[in-house]
Amino acid sequence: MQRVMTAAVFLSMCAALFGCSTAKAPGVALSGMTASFDEPDGAVLWFELRVENTDTVDLPLAEARYSVQVGGETVFRGVRSCEATAPARGEAVVRLPASVPGAIGVAPGQKATIRGRLTYLTPSRLAEVLFDADLYRPEKGFTASATIPGPAPGAD
């Protein structure tokens, strides 16, 4: 009987902790991409993500875990701190770099795909404690593709 009671209390607490968050997951879309080919060891692709928050509370964006594929081959995997907050009913921009070694041969005109998960914080002190303890980390997946652009006009 004691075990059943303990399990019931535990399940009730879990439901209260994780079920009470009313924050909506943000929308994530690729808004732009740039490339730098004059790096000494290869190229750097920069993906600009627009993170849209339709909720009435700010959503601090924690980190992005992502990979980049060019020509069907994974050329980069990384984790980056977002260092941004999506304001209530607003947008934030997160820029994610992908350093690609020269031996891979990335060039303008190729299709690049970024796939990942964006971790964010829900608005409550309890959610923050659980986040910091790595017990509750809400995230939003994203996938987007773009054609690798050439050098900017006037670039040497």
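Derivation of every value follows stated rules applied to the coordinates shown; laboratory data play no part. Predicted model only: the values in this text are computed from it and were never measured. A quick note on method: Cβ atoms are made from the backbone with ideal geometry, for glycine too, and the neighbour counts reach across all protein chains shown.
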*asked:* Quick query: amide H of V75 versus all other amide H atoms, modeled in the peptide plane; which residues come in under 5 Å with a sequence gap of 5 or more or a different chain?
replied: V68, Q69, V70
*Neighbour net charge for F76 - beta-carbon separation under 14 angstrom, K R +1, D E -1*: +1
*Using only alpha carbon pairs under 8 Å that are at least six residues apart, calculate the relative contact order of the stretch 34-85 and give it in whole percent.*
27
